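**Q** Could you have a look at this structure, given as structure tokens, before my questions?
Just so it is clear, none of the values below were taken in a lab; they were calculated from the coordinates. Keep in mind that what you see is a predicted model, and the values were worked out from it rather than measured. When we count neighbours, we look across all protein chains shown, and the Cβ atoms used for this are built from the backbone with ideal geometry, even at glycine.
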Amino acid sequence: MTEEPAAGDRRLVAVLVAPAMAAAAPPGIDPAAFLAAVAEDSYELAAGLDFVTPVLVTGVPGMDEIVWPGTPVVEIDPGLSGSALVAAAFTALSAAVPYGGQAVLLSGDAPDLPPLLIGKLFRELGRARIAVCPAADGGAVAIAAHLPYPGWADAGFDDPDPVKALRASAPGPRTVATGPGWHRLRTPADLGLLDPGLEGWDNTRGLLASGGHR
């Protein structure tokens, strides 16, 4: 759950879906189907939150089929990666959904992320310009920022330590905050991180079960 924002303070949760996220598909599971399943679960997490507008940001064709009617779908260059991908996603998001005051850019390969962690990122934006949900084994699960995304920010979802990189380029010591960390599905081995006891991630759960993986 997320807290109701102050008057005039709009919030977006944008799920970023990139072609490389299909790499975690285990043997016997079609990578395209796997990508669609984890992306849909990540999107449904965002769409189920209170007081936010869900958005899909992607360079993968056909991903508009996983979102609810009326959800903004923002297209970006599928060849981008690293900090260039994050910057392009935030820039496209600001242009396509100009009423957003704060945005969380969520990696689409975190289908079982607890919604509470998104709320904590918005809370951190009450005192910081950018907030990061760190990923297990390095990188980030989500990056939150006030829009427009600051030009000094230079970090990607798969950087070894995006918080350190952002703080090194930030104009002040309290500009970048962190929330609790979580995990992403970047390789087939990461599927072992999924917790069957958690609610949600139904599409990923069902696809893996159909292939005999869980």
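**Q** Does segment 176-214 hold any residues that are buried (at least 17 other Cβ atoms within 10 Å of the Cβ), in contact with a Cys (Cβ under 8 Å, 6 or more places away or on another chain) and of a type outside the set (Phe, Trp, Tyr), and which are they?
**A** Thr178, Gly179
**Q** Could I ask something else about it? Tell me which residues, restricted to segment 46-73, are crowded, with 18+ Cβ neighbours inside 10 Å, touching a residue at least 40 places away in the same chain (Cβ under 8 Å) and within 21 Å of Leu147 (Cβ to Cβ).
**A** Selection gives Ala46, Leu49, Val52, Thr53, Pro54, Val55, Leu56, Val57, Thr58, Gly59.
**Q** Does Ala155 satisfy the criteria of being within 19 Å of Ala23 (Cα to Cα) and among the aliphatic types (A, V, I, L, M)?
**A** no
**Q** What pairs can you find where one residue is in segment 138-162 and more than 22 Å from Trp182 (Cα to Cα) and touching a residue at least 24 places away in the same chain (Cβ under 8 Å), the other is among the aromatic types (Phe, Trp, Tyr) and not in a loop (DSSP other than H, G, I, E, B), and their Cβ atoms are less than 6 Å apart, with a gap of 6+ or different chains?
**A** Matching pairs, first to second residue: Tyr149/Phe90.
**Q** Scanning segment 172-212 for residues that are more than 19 Å from the chain's Cα centre (by Cα) and part of a loop (DSSP other than H, G, I, E, B), which turns out nearest to Tyr149 (Cα to Cα)?
**A** Thr175
**Q** Still on this model: Any idea how many residues of segment 155-214 are of a type in the set (D, E, K, R) and under 11 Å from Asp112 (Cα atoms)?
**A** Total satisfying the criteria: 5.
**Q** Which pairs turn up if I take residues in segment 100-126 that are farther than 16 Å from Gly48 by Cα and look for partners that are among the acidic types (Asp, Glu) with beta carbon separation below 6 Å, at least 6 apart in sequence or on another chain?
**A** Qualifying pairs under 6 Å: Gly101/Asp9.
**Q** Let me ask you something else. Any idea which of (1) part of a loop (DSSP other than H, G, I, E, B); (2) under 20 Å from Ala145 (Cα atoms) is the one Pro111 doesn't satisfy?
**A** Just one mismatch for Pro111, condition (2).
**Q** Sort out which residues of segment 86-108 are assigned to a loop (DSSP other than H, G, I, E, B) and within 30 Å of Gly197 (Cβ to Cβ), and write them in order of number.
**A** Scanning segment 86-108 gives a single hit, Gly108.
**Q** Please tell me if Lys120 is touching a Gly at 6+ places or on another chain (Cβ under 7 Å) and either of a type in the set (A, V, I, L, M) or outside any loop (DSSP other than H, G, I, E, B) (or both).
**A** When the stated conditions are applied, Lys120 passes them.
**Q** Right, next: Return the residues of segment 118-139 that are farther than 20 Å from Ala168 by Cα, surrounded by fewer than 23 Cβ atoms within 10 Å (Cβ to Cβ) and of a type outside the set (Lys, Arg); say none if nothing qualifies.
**A** Across segment 118-139, the qualifying residues are Gly119, Gly126, Ala136, Asp137.
**Q** Please state which of the following conditions Asp159 fails to meet, knowing it meets all the rest: (1) charged (D, E, K, R); (2) out of contact with any helix residue (DSSP H, G or I) (no Cβ under 6 Å at 6 or more places or on another chain); (3) over 14 Å from Leu106 (Cα atoms).
**A** The single condition Asp159 does not satisfy is (2).
**Q** Considering only segment 82-122, state which residues are within 13 Å of the chain's Cα centre (by Cα) and either among the aromatic types (Phe, Trp, Tyr) or at positive phi (or both).
**A** The one that is within 13 Å of the chain's Cα centre (by Cα) and either among the aromatic types (Phe, Trp, Tyr) or at positive phi (or both): Phe90.
**Q** Would you check if Val132 is aliphatic (A, V, I, L, M), outside any loop (DSSP other than H, G, I, E, B), out of contact with any helix residue (DSSP H, G or I) (no Cβ under 7 Å at 6 or more places or on another chain) and touching a residue at least 40 places away in the same chain (Cβ under 8 Å)?
**A** No: the conditions fail for Val132.
**Q** Quick one: how many residues across segment 140-171 are buried (at least 20 other Cβ atoms within 10 Å of the Cβ), of a type in the set (Gly, Ala, Ser) and not in a strand (DSSP E or B)?
**A** Looking only at that region, the number is 2.
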